[in-house]
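The values are calculated or read from the model by the stated rules, or taken from the named source; none is laboratory data. A quick note: this is a predicted structure, and the numbers were derived from the prediction, not measured. Quick reminder, even Gly has a Cβ in these numbers, built from the backbone with ideal geometry, and neighbours come from all protein chains shown. When the accessible area is computed, the model is the full protein with side chains, heavy atoms only, and any ligands, DNA or RNA have been set aside. Shrake-Rupley method; radii C 1.70, N 1.55, O 1.52, S 1.80 Å.
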Amino acid sequence: MSNLYDSRNKHLFISIKHCLFVFVVCLFFNSSISANENEPTETILDKKGRWNFQWGYNRSYYTQSDINFRGPGYEYTLKDVNAKDKPESFKAEVYLNPSKFEIPQYNLKISYFFTDRFFLAFGQDHMKYVVTPGQPVKYSGYIDPGVIAKNQLALSPEAAAFIYLFPGHVQEMAGYHGGDQTISLTPDILKYEHTDGLNYLFLDFGWITPLYTSSDGMSGISLVSTIGAGPVVCRSDVRVLGKGQNNNFHLSGYGVSGYVATRYEFSRTYFLELGGKGGYIDLTDVLTSGGSNRASQNFGFLELVLSGGIAI
């Protein structure tokens, strides 16, 4: 029943993403037709009642994080863990292929202006989060030696190879630890990634401040600012003490954020935007190695985002 529920969640989340993509395409064509049929009589400063759609890509950066792992027979915390993003290298068959739009680290936002300056926006920041392998960290807590022995009956291939070469390394984790011990995050100890991904679903309140407008009112530069919050859905690929799996999409926590960007509008229909988003993410319920095994963590993040958009 649990697998069926997770499978439904996975397909629902993928369906939502593809529905949003279809909505984007419809907006684009509708905007193009409207632009051809009706000569614009208003300027870029007249935004009330208009919708904006944005699509872009990001690079993400994260603060250190304490990660707590818990399950039957163990509860321990890895201290000050470093992690990084995992951007997709540029390939035309990925970035220019609509069927693979969810592979890179992307940003999707749809906004509605209820005045000429103020708007509401909702969307998704698709980030990727990868704990840096091999790094030394301190840890505290308790691990029953039986948990390590049980996990070795279902090892991942990379963990099995490491344990064969260094059989005593994972055994250092057994027992009680006060926080002074250090362990290297090799494959027998941990693999921990949100690579499909760290999905921040946000609702923002925002405002736009014109900085420069051309004499005909058809182009200009503005400062865009937003604040917001929302849930975080993760698909976590995790191995704990050698055992784990690539989990299904799961509501794992929440985030809060602020965003500042410079927008260049080169007509009433099209714009480019370069910005930065910073915030805090608290993941209280991360799926790890199956069953009731869980992890939790919180960290700050910073995104650099380049996007383009249309207005209708």
* Asked: Would you list Leu272, Leu287 from the most to the least accessible area, probe 1.4 Å?
  -> Leu272, Leu287
* Quick one: pull the percent of accessible area on the chain belonging to carbon and sulfur, 1.4 Å probe, ligands and nucleic acids left out. => 61
* Structure fact -> Restricting to Cα pairs under 8 Å and 6 or more apart, the percent relative contact order of segment 75-160 works out to 39
* Which of Lys100, Lys128 is most accessible, then next, and so on - probe 1.4 Å -> Lys100, Lys128
* Asked: If you work out semi-axes √(5λ) of the Cα gyration tensor in Å from the coordinates, which of (1) 28, 26, 17; (2) 43, 31, 15; (3) 45, 19, 16 do you get?
  -> (3)
* Unsatisfied cross-links (Cα-Cα over 21 Å) in the set Lys48/Lys109; Lys138/Lys277; Lys86/Lys243 -> Lys138/Lys277; Lys86/Lys243
* Structure fact -> Expected field for Arg235, accessible surface area in Å² at 1.4 Å probe radius, rounded to 10, holds 40
* Structure fact -> accessible surface per residue for the chain, probe 1.4 Å, DNA/RNA/ligands not counted, whole Å² -> 47
* Asked: Helix 2-37: angle to the longest alpha-carbon principal axis of the chain, degrees 0 to 90, nearest 10?
  -> 20
* Asked: Among Pro210, Thr195, Trp51, which residue has its Cα positioned farthest towards the positive end of the charge dipole of the chain, with +1 placed on the Cβ of Lys and Arg, -1 on the Cβ of Asp and Glu, and the dipole taken about the Cα centre?
  -> Thr195
* Structure fact -> Percent relative contact order for the chain, counting Cα pairs under 8 Å at least six residues apart, stands at 21
* Structure fact -> Per-residue ellipticity at 222 nm attributable to helices in the chain (runs of n ≥ 4 DSSP H, -39500 (n - 2.57) apiece, nearest 500 deg cm²/dmol) works out to -6000 deg cm²/dmol
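For Glu273, Glu88, write out the residues from largest to smallest accessible area, computed with a 1.4 angstrom probe and no ligands counted.
Glu88, Glu273
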